[in-house]
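The values are calculated or read from the model by the stated rules, or taken from the named source; none is laboratory data. The shown structure was predicted, so the numbers you read here are calculated from the model rather than taken from an experiment. Glycine also receives a Cβ, built like all others from the backbone with ideal geometry; neighbour counts cover every protein chain displayed.
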Amino acid sequence: MVAVAVVLGSIVAVYAFDLTDLTGEPAPTVTFSEQYEEGEGVTITVENSDGVDGERLAIDGVDPDGAVSYGSWPTSGPVEAGDIVTFPAADGNEEFRVVWTPEGEDRSFVLTEFVLSGGERVFRVEDGAVAFEAESFDVVQQPRTVGGEAHTWEEGTDSSRQSGASSGTYLVAEPTAGNDNGYLDPNGPRLDYLVDFESAGTYYIWVRMQGPNGDDDSVHAGLEGTLASDRGLGMTVGGSGWKWTSEAGGQRVKVDVGSPGVHTVSVWMREDGTPFDKVIVTDDASYAPSGKDADGT
């Protein structure tokens, strides 16, 4: 399944359907990544592709400034891994959607969406640590299809969870349908955070989350698009209260940062319905956060 964008006047509604039932053919297997650089704009890169025809792809979206020109995929013929599309006029305040039109159809089906937060939002490591809220992402890559349903990160609405969340806000991958994307698969909707590391080295990722039941209790985390939690059942906690974890499969979730500067720390949905509140990245292997105000120090 993927999300279907149906335009009705000025209203855009998103639904989840099985495309084979709707169109007689399955959706293409193709994944994308996005990068924004100040002064350089946005680059969308094809990470994997089954050779979908470029003539059946397009990129649309929303630009509050009206400077970005959306339109058809720039090439015809098979789309291959490594292909790129650039938007030099983008200033980090846009939305981008890659859409696919099946043969003989006049409907567009959203393959992935990138929502930028208004320019680079960079969190700087100081004295070896940095903390940031779940909702303070730079880019979100969604929807992603897991277990046959299109999933997106949304702000949670449970008042008891909001009251215990670090800033009164938390995120959850919806719909909550008991789906998971496997312990080795970075296929769930992904939240990207830009972190400016003051030095190279090994860093440990802590996530504050809840596990209200066995179907809604795990996420993945990693660096530069690569999982660091690809063991056991990902980063998992049990119980309805907010808890910190830095383990997956009984081992620490850690990343090796090869150079000082800005790198991308990501959190993926592993199981839908998992409440997610906050992240700490630290170079102190013995550090253990406590409570919602923990900041790595």
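Summary of values
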{"quantity": "Any hit, region 261-278, residues being touching a Gly at 6+ places or on another chain (Cβ under 6 Å), assigned to a loop (DSSP other than H, G, I, E, B), modelled with pLDDT of 95 or more and among the charged types (D, E, K, R)", "calculated": "no"}
{"quantity": "Region 90-112 residues that are over 13 Å from residue 67 (Cβ atoms), paired with ones that are part of a loop (DSSP other than H, G, I, E, B) and among the β-branched types (Val, Ile, Thr) (beta carbon under 8 Å, 6 or more apart)", "calculated": "100/52; 107/101; 108/101; 109/101"}
{"quantity": "Of all residues making up region 172-203, the number that are crowded, with 21+ Cβ neighbours inside 10 Å, hydroxyl-bearing (Ser, Thr, Tyr) and more than 16 Å from the chain's Cα centre (by Cα)", "calculated": "1"}
{"quantity": "Some residue of region 127-136 being at pLDDT 90 or above, within 17 Å of the chain's Cα centre (by Cα), within 16 Å of residue 270 (Cβ to Cβ) and part of a loop (DSSP other than H, G, I, E, B)", "calculated": "yes"}
{"quantity": "Filtered residues of region 144-177 (kept if closer than 22 Å to residue 231 by Cβ and not in a strand (DSSP E or B))", "calculated": "147"}
{"quantity": "Region 239-251, residues that are of a type outside the set (Asp, Glu) and surrounded by 14 or more Cβ atoms within 10 Å (Cβ to Cβ)", "calculated": "240, 242, 243, 244, 245, 246, 248, 249"}
{"quantity": "Failed condition for residue 266, given (1) touching a residue at least 60 places away in the same chain (Cβ under 8 Å); (2) more than 24 Å from residue 34 (Cβ to Cβ); (3) polar (S, T, N, Q)", "calculated": "(2)"}
{"quantity": "Qualifying residues in region 137-147 (those that are in contact with a Ser or Thr (Cβ under 8 Å, 6 or more places away or on another chain) and more than 15 Å from residue 264 (Cα to Cα)) - the one surrounded by the fewest Cβ atoms within 10 Å (Cβ to Cβ)", "calculated": "142"}
{"quantity": "For residue 229: the one exception among (1) of a type in the set (Gly, Ala, Ser); (2) modelled with pLDDT under 95; (3) surrounded by fewer than 17 Cβ atoms within 10 Å (Cβ to Cβ)", "calculated": "(3)"}
{"quantity": "Residues (within 23 Å of residue 31 (Cβ to Cβ) and either of a type in the set (A, V, I, L, M) or not in a strand (DSSP E or B) (or both)) located in region 196-219", "calculated": "205, 219"}
{"quantity": "Count - residues of region 23-53 that are of a type outside the set (Ser, Thr, Tyr), in a strand (DSSP E or B) and within 21 Å of residue 67 (Cα to Cα)", "calculated": "6"}
{"quantity": "Counted residues, region 47-93 - those being under 16 Å from residue 27 (Cα atoms) and surrounded by fewer than 14 Cβ atoms within 10 Å (Cβ to Cβ)", "calculated": "5"}
{"quantity": "Among the residues listed as 140, 146, the single one being in contact (Cβ under 8 Å) with a residue 24 or more places away in the chain and farther than 21 Å from residue 26 by Cβ", "calculated": "140"}
{"quantity": "Residues of region 54-71 that turn out to be out of contact with any strand residue (DSSP E or B) (no Cβ under 7 Å at 6 or more places or on another chain) and either polar (S, T, N, Q) or not in a loop (DSSP other than H, G, I, E, B) (or both), as a count", "calculated": "3"}
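Okay, residues lined up against (1) closer than 16 Å to residue 171 by Cβ; (2) of a type in the set (Gly, Ala, Ser); (3) outside the structural domain of residue 189 (by TED's automatic domain parsing):
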site	(1), (2), (3)
212	yes, no, no
230	no, no, no
246	no, yes, no
251	no, no, no
255	no, no, no
263	no, no, no
287	no, no, yes
293	no, no, yes
